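These notes concern the structure reproduced below.
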Amino acid sequence: MTDRKWAVIAIGGNSLIKDKQHQSVEDQYLAAQETCHHIADMIELGWDVAIGHGNGPQVGFILRRSEIAHKVDGMHEVPIDACGADSQGAIGYALQQNLNNEFYHRKIKKSVATVITQVLVDRNDPAFQHPTKPIGGFMDEPEAQRRVSEEKWSVVEDAGRGWRRVIASPLPKQIIELDVVQTLLDNGICAITVGGGGIPVIEDENGNYLGTAAVIDKDYASSLLAQKIKADLFLISTAVDKVYLRYKQPDQQALDVITVSEARQYLAEGHFAKGSMAPKIEAILWYMDAGGKEAIITDPAHIIPALRGEAGTRIIPG
């Protein structure tokens, strides 16, 4: 249908955890409620949306509980891919219930569903040779070396605080449940998908999918989704209202509208931090280079003003 507007919204960790004093399940639910209110505003304007989300803190909590239960009571530990699946279900539940409640009170006849989503990565991705993402709790050196020997973990010493496991962050190659997501969208159903970047899986010699210990950047996975469904808009909802040059410096400069070439130049000049804004800009460039129409970076409260061109940072072709 040519008159439909498709958007992929990638919501960041602040949409679920606002600060260290508000990390409980109840706090996360209330934060999701606020974000869903703004997404419902967007849907009310006629957008069909697919929602991706982060899950870093939540996977960390699941792993920590698993580690404590193992040490205290001998319970089995939960593999990282299963932690990702657990978090997709729990976060999806919070988002879809809040969206359902918004639809009910606004008398919007629309449904929402969470898809537990696998994302294929290349088992030969160089990231597997150079894992960089810390995950799980701290260990002493004997425990760390035992894990390396018995379980083939990669570990690093963390500034005198102890040893931690590090895992790879490979690029997403294929969304396994893409056809399911597309079917939901085609039928007017809001889809929550590629949660936490998707559950990373590799393909073995016989064509079977196998979960792997890795984490996929949620903005990259959402970008791939936006490319595949030919989204009209890729919107990254994060902790800041817009993108800035020289962020938090006395001469910081807000960016309202920039072209793809300008974004690429600013990225090359090092204006965006590697652990925060740079991956978002890179994910947007990936989407735009594949034929994307426009992208927006803003915080949840400014989604609607950003759609009107009154807030946020808009990235356009050029």
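FYI, it's all coordinate maths here, none of it is from the lab. What you see is a predicted model, and the numbers here were worked out from it, not measured in a lab. All Cβ positions, glycine included, derive from the backbone under ideal geometry; neighbour counts span all protein chains shown.
Here are some notes:
- Residue ranges of strands (runs of 3 or more DSSP E) in region 240-318 with at least 3 members hydrophobic (A, V, I, L, M, F, W, C) and touching a strand residue (DSSP E or B) at 6+ places or on another chain (Cβ under 9 Å): 295-298
- Some residue of region 47-57 being in a helix (DSSP H, G or I) and within 29 Å of Met277 (Cβ to Cβ): yes
- Taken together, Thr132, Thr117 contain a single residue that is in contact with an Asp or Glu (Cβ under 8 Å, 6 or more places away or on another chain) and of a type in the set (S, T, N, Q), which is Thr117.
- In the set Ala82, Ala69, Ala90, only one residue is without any contact (Cβ under 8 Å) to a residue 12 or more places away in the chain and either assigned to a loop (DSSP other than H, G, I, E, B) or farther than 17 Å from Ala40 by Cα (or both); that residue is Ala69.
- For region 204-215, filtered to residues that are surrounded by 16 or more Cβ atoms within 10 Å (Cβ to Cβ) and not β-branched (Val, Ile, Thr), the residue that is nearest to Gly275 (Cα to Cα) is Ala214.
- Glu102 fulfils the conditions (1) under 25 Å from Glu177 (Cβ atoms); (2) loosely packed, with under 15 Cβ neighbours inside 10 Å; (3) acidic (Asp, Glu) except for a single criterion, (2).
Every residue, every condition in (1) among the acidic types (Asp, Glu); (2) under 14 Å from Ile284 (Cβ atoms); (3) surrounded by fewer than 24 Cβ atoms within 10 Å (Cβ to Cβ), yes or no:
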{"position": "Gly196", "(1), (2), (3)": "no, no, no"}
{"position": "Asp217", "(1), (2), (3)": "yes, yes, yes"}
{"position": "Ala221", "(1), (2), (3)": "no, yes, no"}
{"position": "Leu225", "(1), (2), (3)": "no, yes, no"}
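- Scanning region 263-279 for residues that are of a type outside the set (S, T, N, Q) and free of Cβ contacts under 8 Å to residues at least 24 places away in the same chain yields Arg264, Tyr266, Leu267, Ala268, Glu269, Gly270, Lys274, Gly275, Ala278.
- Residue among Ser111, Ser87 that is out of contact with any Ser or Thr (no Cβ under 6 Å at 6 or more places or on another chain), surrounded by fewer than 17 Cβ atoms within 10 Å (Cβ to Cβ) and hydroxyl-bearing (Ser, Thr, Tyr): Ser111
- Pairs where the first residue, in region 280-295, is without any contact (Cβ under 8 Å) to a residue 40 or more places away in the chain and the second is among the aromatic types (Phe, Trp, Tyr), C-beta under 8 Å, 6+ apart: Ile281/Tyr266; Ile281/Phe272
- Here Pro170 clears all of (1) over 27 Å from Tyr220 (Cβ atoms); (2) in contact with an Asp or Glu (Cβ under 6 Å, 6 or more places away or on another chain) except the condition numbered (1).
Here's the yes/no breakdown for (1) in contact (Cβ under 8 Å) with a residue 12 or more places away in the chain; (2) outside any helix (DSSP H, G or I); (3) of a type in the set (A, V, I, L, M, F, W, C):
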{"position": "His105", "(1), (2), (3)": "no, no, no"}
{"position": "Asn124", "(1), (2), (3)": "no, yes, no"}
{"position": "Phe128", "(1), (2), (3)": "yes, no, yes"}
{"position": "Pro134", "(1), (2), (3)": "yes, yes, no"}
{"position": "Arg146", "(1), (2), (3)": "no, no, no"}
{"position": "Pro172", "(1), (2), (3)": "yes, yes, no"}
{"position": "Asp179", "(1), (2), (3)": "no, no, no"}
{"position": "Gln182", "(1), (2), (3)": "yes, no, no"}
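- Count - residues of region 227-248 that are surrounded by fewer than 16 Cβ atoms within 10 Å (Cβ to Cβ) and touching a Gly at 6+ places or on another chain (Cβ under 7 Å): 1
- Counting residues in region 1-16 that are of a type outside the set (S, T, N, Q), in contact with a strand residue (DSSP E or B) (Cβ under 8 Å, 6 or more places away or on another chain), assigned to a helix (DSSP H, G or I) and surrounded by 16 or more Cβ atoms within 10 Å (Cβ to Cβ) gives zero.
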